[in-house]
1. Quick one: net charge of Gly106's neighbours, Cβ under 12 Å, K/R +1, D/E -1?
2. State the volume of the convex hull built on the alpha-carbon positions of the range 88-158, expressed per residue in Å³ and rounded to an integer.
3. Extending each Cα 7 Å along its Cβ direction at Asp113 and Ala130, get the distance between those two points in nm, one decimal.
4. Could you give each residue of the range 64-71 its phi-based ³J(HN,Hα) in whole Hz, using Karplus coefficients 6.51, -1.76, 1.60 with θ = phi - 60°, and x for Gly or Pro?
5. Any chance you could run the full-extension gain for Trp157 through Cys88? It's 0.36 nm times the residue separation minus the Cα-Cα distance, nm to one decimal.
6. Hey, with R₀ at 25 Å, roughly what FRET efficiency would Leu76 and His145 work out to, going by the Cβ-Cβ distance, to 0.05?
Amino acid sequence: MAVLWRLNVLCGVQGGRAVFLRTPVVRPAQVSAFLQDRPAPGWCGAQHIHLSLIRHSDSKAASLHWTSERVVSVMLLGLLPAAYLNPCSAMDYSLAAAITLHSHWGLGQVVTDYVHGDASQKAAKAGLLALSALTFAGLCYFNYHDVGICKAVAMLWKL
């Protein structure tokens, strides 16, 4: 209550400007009208942000991609103990695909966040695609011509 009294003292009855900050004070009626997508009387906001998702839900591709990333992450949590308990070629190839896809999506987000410029971002994404394809091909080659991922990790743990 003391805070509200101090704000009332700092704001003029009609002025609506803080004495110390010299910025407009937002009143609850204006915030409520802002969230309901209708202007309040006396509101002169420069930008209006829409909070409803209905206006921006033209495509569900981003949502499906986010869900797919989470499914692959949870699947990896189950694949790792299953691969330890039951090492076989199906587990090796499943791990090769899941690890490659998980790392490709993760590094893709790094490229999106930290590589700027259209040309350099396209080049980085092309390089990432080539790296991911080589990684998957290398893991499949290792699974087919050598002991496989599961047995290789088990052999490393025995050292």
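1. Numbers: positive: none; negative: Glu69, Asp113.
Its environment carries a net charge of -2.
2. On the way: hull volume 5.7 nm³, N = 71.
Dividing the Cα hull volume of the range 88-158 by its residue count gives 80 Å³.
3. 2.5 nm
4. In residue order, the calculated couplings are 5, 5, 4, 5, 4, 4, 5, 5 Hz.
5. Details: separation 69, 0.36 × 69 = 24.84 nm, distance 1.74 nm.
Taking Trp157 through Cys88 to full extension adds about 23.1 nm, to one decimal.
6. Numbers: r = 24 Å, r/R0 = 0.97.
Plugging the Cβ-Cβ distance into 1/(1 + (r/R0)^6) gives 0.55.
Read the figures in this text as sums done on the coordinates, not as results from a lab. All values reported here derive from a predicted model rather than from experimental measurement. Note: ideal-geometry Cβ built from the backbone for every residue, glycine included; neighbour counts use all protein chains shown.
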